[in-house]
1. Which residues in the range 1-44 place their backbone N less than 18 Å from a point set 7 Å from the Cα of residue 55 along the Cα-to-Cβ direction?
2. Provide the per-residue ³J(HN,Hα) series for the range 272-279, in order, calculated from phi with Karplus coefficients 6.51, -1.76, 1.60 and θ = phi - 60°, each as a whole number of Hz, with x at glycine and proline positions.
3. For every other residue with a beta carbon closer than 13 angstrom to the beta carbon of residue 10, add +1 if it is Lys or Arg and -1 if Asp or Glu, then tell me the sum.
4. Out of these labelled values of Cα Rg over 2.2 N^0.38 Å, (1) 1.12; (2) 1.01; (3) 1.21, which was calculated from the coordinates shown here?
5. Considering just Cα atoms, how many Å³ per residue does the convex hull of the range 120-253 enclose?
6. Over the range 85-176, what is the relative contact order in whole percent, taking alpha-carbon pairs under 8 Å and six or more residues apart?
7. Rank 191, 55, 87 by mean-square fluctuation in a GNM of the chain with C-alpha springs under 10 angstrom and give only the top-ranked residue.
8. Measure off 7 Å from each Cα along the Cα-to-Cβ vector at residue 194 and residue 328, then give the distance between these two points in nanometres to one decimal.
Amino acid sequence: MLHFAQFGAGRIGAIHAQSLATSGLGRLRHVVDVHGPAAQALAARHGAQVSTVEAALADPQVGAVIIASSTDTHADLIIAAARAGKAIFCEKPIDLSLARVDACLAAVEAAGVPMLVGFNRRFDPDFVELHRRIQAGAIGAVEQVVITSRDPGPPPVAYIKVSGGLFRDMTIHDFDMARWMLGEEPVEVFATGSNLVDPEIGAAGDIDSAMVVLKTPSGRMATINNSRRAAYGYDQRVEVHGSLGRLIAGNRVGSTVEQADAQAVSTEKPLHFFLERYAMAYRAEMRAFIEAVTNGTPMPVGAADGRQALVLADAALRSMAEGRVVRL
């Protein structure tokens, strides 16, 4: 049984704490959050205690930490946890600064502790099966990857202002998916974006709609399209085209019942948002982390993956700002 300290008791923190409890492989001992009532509620729900960072990391029974606090706290917590010898599960992104990310990776490497970055989509059953078939040669050589990722509605502008922008906050998941599906590191990035959803997002210095093209050394390509609005629900689809065929992983819906009548053939809308859509992925992600720590095996999504996704996000920002292809 692996014992945990968790930093962050908000929405994503509650998801990870529940995934830990459901796994049956770990126990939450400490909860740390600047908002006392949230920390108290989460700790009470899981039989943990409210602690400080120092007390949680000093507990010899704690073997791992979950970092689910605000992005601006991730780097300091990663470095402190690494120096304390704890395995690290960190929500994306590691940090918004590549220099800070490199400092984190150096601390993790020096301490020799394992670290997973929370790119939960790699653990979605449909995406896992799609990737397995690519690896098995089901569609031959990969040539094109098409990723669609659209939220049902924009987050509050107050969140936008501290998020690091759409590419670092939202598209970063898709950059990781593109790398995973392409099987090669992109070396060219072209991105463009607009404000089509909420003018307040533009006033805050961000975009709410984007298109990105990635290209690898062998010529493989990926396109990513993002929007902060989808009137029909959370739109999450991946298509991979290869020399021998194609693979598609579509949206998850509340029910597979299809109704046909004289007016139309209809199905349910996609699940509303990430809490529902990726519920299984979050549980699988936590189990994979614990098993890797326990068995001493490599992390399925490591710190270097978090760094590469940020490199692509930064390149996309530069491409959009300068109106050109950025070569890495």
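1. Output list for this probe position: 4-9, 28-44.
2. 5, 7, 5, 4, 7, 4, 10, 4
3. -1
4. For Cα Rg over 2.2 N^0.38 Å, the calculated option is (2).
5. 104
6. It rounds to 32 percent for the range 85-176.
7. In the Gaussian network model the winner is 55.
8. 2.7
The values are calculated or read from the model by the stated rules, or taken from the named source; none is laboratory data. Bear in mind that the values here come from a model prediction, so they are computed numbers and not experimental data. Cβ: placed from backbone, ideal geometry, glycine included. Neighbour counts: every protein chain shown. Note: accessible area is taken over every heavy atom of the protein model, side chains too, but ligands, DNA and RNA are not part of it. Shrake-Rupley method; radii C 1.70, N 1.55, O 1.52, S 1.80 Å.
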